[in-house]
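Beneath this line is the structure, given in structure tokens, with notes to follow.
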Amino acid sequence: MSFQATRVLRRPTAIFLNSSRLNYDKRLDYSRLSALTNLTCNEVDNITSTEEIVSLVQKHQPEIVITKEMEVPSQALEQFPPSVKLLCESGTGYNNIPVALAREKGMDVVNIPTYSNESVAHMVITYIMNFGAAMFDQARMLHNNDRRNFTVFQHPIYEITNKTLGMIGGSGTIGTCVADVAIPLGMNIVISSRSGKLPKGHKYENHPKVKVVDFDDVFRLSDFVSINCPLNAETRHSVGAREIKLMKPTAFLINTARGAIINEKELIQCMKDRVIAGAGLDTQETEPPAEDSEIWNLDNVFLTPHIGWRRLETRQRLVDMTADNIEAYIRGETKNIVN
């Protein structure tokens, strides 16, 4: 047996600290993950206690720690045993892991950057189509036994063709997938770029329906603004009252990225003042928002519980790509390392 084959057959110990965040309905196939590793699944959605995280990791002494959108505080990572060599974020964003500290401790951090591109892009388009037909408002009226729309229609509705979709982070993989759907619908696309142009060789570099503009003009020109950028120190709270007030009063703001990119306190005030027509938020600054948050009760803000990645096929793909990362690690290969 070759040395390479021997390494593939090695089964390191792994723990998925919050596996129910991903497999909440028990419909996912973990057999490949289990074949690759001695896997323990901690069947909870989230752990907020540093002490509990440390206790689990110290108890199992894993080589691989898997998380899904779960905060791993620096204080917890500091106490991980030397056995831990790989931190696997089973998702795209890795702002929940102190990656620099992990590197100092000799741990690789990997993520899954492409598993939900189409699914999240379709979530953006779902919001756009629903806003165009006032579907959310109509459903709310019927839920409240209000049938006035069946006699005199109460809401503005319009075609999507020739409307402008502005994208913050639109040159990335998810933004490109959004454009893949929006352009055949007849929409015009504006994308913010510091350089004033798309990356050389980008799919839409010279497309007549796609225009690169500065950050502020995305908000000024668009009928819909979609946020598709990662959360980091630069993008945190980068969309607030100033940016929202640049938008048309008939425009909609859509966030399927990370909630903290929007300054939620400022957004709430803008929506109370009816600065824009509406907002569709698949992600919120705190998920779920605090029980007493005003955002729950705003009739022009439409919330979904971060479902862009939750479709069954998308989650199974995520499991499979997590296994890909782990198999690459076992083989001694570099794949999706972010630190």
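The values are calculated or read from the model by the stated rules, or taken from the named source; none is laboratory data. Everything quoted here is computed from the prediction, not taken from an experiment. A quick note on method: Cβ atoms are made from the backbone with ideal geometry, for glycine too, and the neighbour counts reach across all protein chains shown. Each accessible area value is taken on the protein alone, full model and side chains, heavy atoms only, with ligands, DNA and RNA left out. Shrake-Rupley method; radii C 1.70, N 1.55, O 1.52, S 1.80 Å.
May I ask for the distance between the Cα centers of the stretch 144-169 and the stretch 46-72, given as a whole number of Å?
45
For the chain, what does the accessible surface come to per residue with a 1.4 Å probe? Please give it in Å².
Values: 16140 Å² over 339 residues.
Solvent-accessible surface per residue comes out at 48 Å².
Suppose R0 equals 41 Å; then what is the FRET efficiency for E78 and H237 from their Cβ-Cβ distance, rounded to the nearest 0.05? Present the calculation step by step, with values, prior to reporting the outcome.
Numbers: r = 28 Å, r/R0 = 0.67.
With R0 = 41 Å, the Cβ-Cβ based efficiency is 0.90.
Given H placed on each backbone N at 1.01 Å, which residues far from C229 in sequence or on other chains put an amide H within less than 5 Å of it?
When sequence neighbours closer than 5 places are left aside, there are no close amide H contacts.
Taking θ as phi - 60°, what are the ³J(HN,Hα) couplings along the stretch 116-129 by the Karplus curve (6.51, -1.76, 1.60), each to the nearest whole Hz, with x for Gly and Pro?
Values, residue by residue: 10, 3, 5, 4, 5, 4, 5, 5, 4, 5, 4, 4, 4, 5 Hz.
Along the stretch 300-311, what does the Karplus equation 6.51 cos²θ - 1.76 cosθ + 1.60 (θ = phi - 60°) give for ³J(HN,Hα), rounded to whole Hz, x for Gly and Pro?
Whole-Hz 3J(HN,Hα) from phi for the stretch 300-311: 10, 10, 10, 9, 10, x, 6, 9, x, 9, 8, 4.
What are the ³J(HN,Hα) values, in whole Hz, obtained from phi via the Karplus relation 6.51 cos²θ - 1.76 cosθ + 1.60 with θ = phi - 60°, for each residue of the stretch 279-287 in sequence order, with x given for Gly and Pro?
Going residue by residue, I get 9, x, 10, 7, 10, 10, 4, 10, 10 Hz, with x marking Gly and Pro.
Net charge near F136, counting Lys/Arg +1 and Asp/Glu -1 over other residues with Cβ under 15 Å of its Cβ?
Details: positive: R140; negative: D137, D146, D282, D299.
That sum, taken over residues with Cβ under 15 Å, equals -3.
With a 1.4 Å probe and every protein chain kept in, tell me what percent of the accessible surface of the stretch 142-186 is carbon plus sulfur. It would help to have the intermediate numbers written out before the result.
Working: 1470 of 2650 Å².
Ligands and nucleic acids excluded, carbon and sulfur give 56 percent.
Fully extended, how many nm does the chain gain between H202 and H143 (0.36 nm per residue separation, minus their Cα-Cα distance)? Let's see the in-between values first.
Values: separation 59, 0.36 × 59 = 21.24 nm, distance 4.48 nm.
So the chain would gain 16.8 nm between H202 and H143.
Which of the peptides 240-247, 284-291, 140-147, 115-122 is most tightly packed, and how do the rest follow, going by the mean number of other Cβ atoms within 10 Å of each residue? Mind showing how you got there, number by number?
Details: 240-247: 18.0, 284-291: 14.4, 140-147: 10.6, 115-122: 21.8.
Top to bottom by mean Cβ count within 10 Å: 115-122, 240-247, 284-291, 140-147.
May I ask you to derive the FRET efficiency for N162 and K265 from their Cβ-Cβ distance with R0 = 41 Å, giving the value to the nearest 0.05? Write down the numbers at each step before the final one.
Values: r = 34 Å, r/R0 = 0.84.
My answer for the efficiency is 0.75.
Can you list the residues of the stretch 239-257 with backbone N under 15 Å from a point 7 Å past the Cα of L185, pointing along Cα to Cβ?
Taking a point 7 Å out along Cα→Cβ of L185, the residues of the stretch 239-257 whose backbone N falls under 15 Å are 251-256.
Along the Cα-to-C-beta direction of T173, a point sits 7 Å from the Cα; which residues of the stretch 242-264 have their amide N less than 18 Å from that point?
Within reach of a label on T173, which here means backbone N under 18 Å from a point 7 Å along Cα→Cβ, the stretch 242-264 contributes 256-258.
Mind listing the long-range amide H neighbours of K211? Cut-off is under 5 Å, sequence gap 5 or more, other chains count too, H placed in the peptide plane at 1.01 Å from N.
Counting only residues 5 or more places away or on other chains, the set is I189, V190, I191.
Rank-order 313-324, 25-36, 207-218 by packing density, defined as the average count of other C-beta atoms within 10 Å over each peptide's residues, highest first. Could you put the intermediate results ahead of the total?
Numbers: 313-324: 18.8, 25-36: 13.8, 207-218: 15.9.
Put in order of decreasing packing, that is 313-324, 207-218, 25-36.
Any of K26/K335; K209/K248; K209/K265; K203/K265; K209/K335 with alpha carbons more than 25 Å apart? Name them for me. Provide the component values of the computation, followed by the final result.
Numbers: K26/K335 28 Å; K209/K248 20 Å; K209/K265 34 Å; K203/K265 36 Å; K209/K335 35 Å.
Over 25 Å apart, Cα to Cα: K26/K335; K209/K265; K203/K265; K209/K335.
With an 8 Å cut-off on Cα pairs and a minimum separation of 6 or more residues, tell me the relative contact order of the chain in percent. Before the final figure, lay out each step's value.
Working: 623 pairs, mean separation 57.3, N = 339.
Rounded, it is 17 percent for the chain.
Please label the shape of the stretch 200-246 as rounded, prolate or oblate, based on the square roots a ≥ b ≥ c of the eigenvalues of the alpha-carbon gyration tensor (a/c under 1.5 means rounded; beyond that, a/b larger than b/c means prolate, else oblate).
Numbers: a/c = 2.75, a/b = 1.43, b/c = 1.92.
Taking the square roots of the gyration eigenvalues as a ≥ b ≥ c, the stretch 200-246 is oblate.
Long-range amide H contacts for F252: which residues qualify at under 5 Å (H placed 1.01 Å from N, peptide plane, sequence gap of 5 or more or a different chain)?
Placed amide hydrogens put F224, V225 under 5 Å from F252.
Full extension from T48 to N297: what is 0.36 nm times the residue separation minus their Cα-Cα distance, to one decimal in nm? Each step should come with its number before you reach the end.
Working: separation 249, 0.36 × 249 = 89.64 nm, distance 2.68 nm.
So the chain would gain 87.0 nm between T48 and N297.
Could you please state how large a percent of the accessible area of the stretch 3-138 is carbon and sulfur, counting protein chains only and using a 1.4 Å probe?
51
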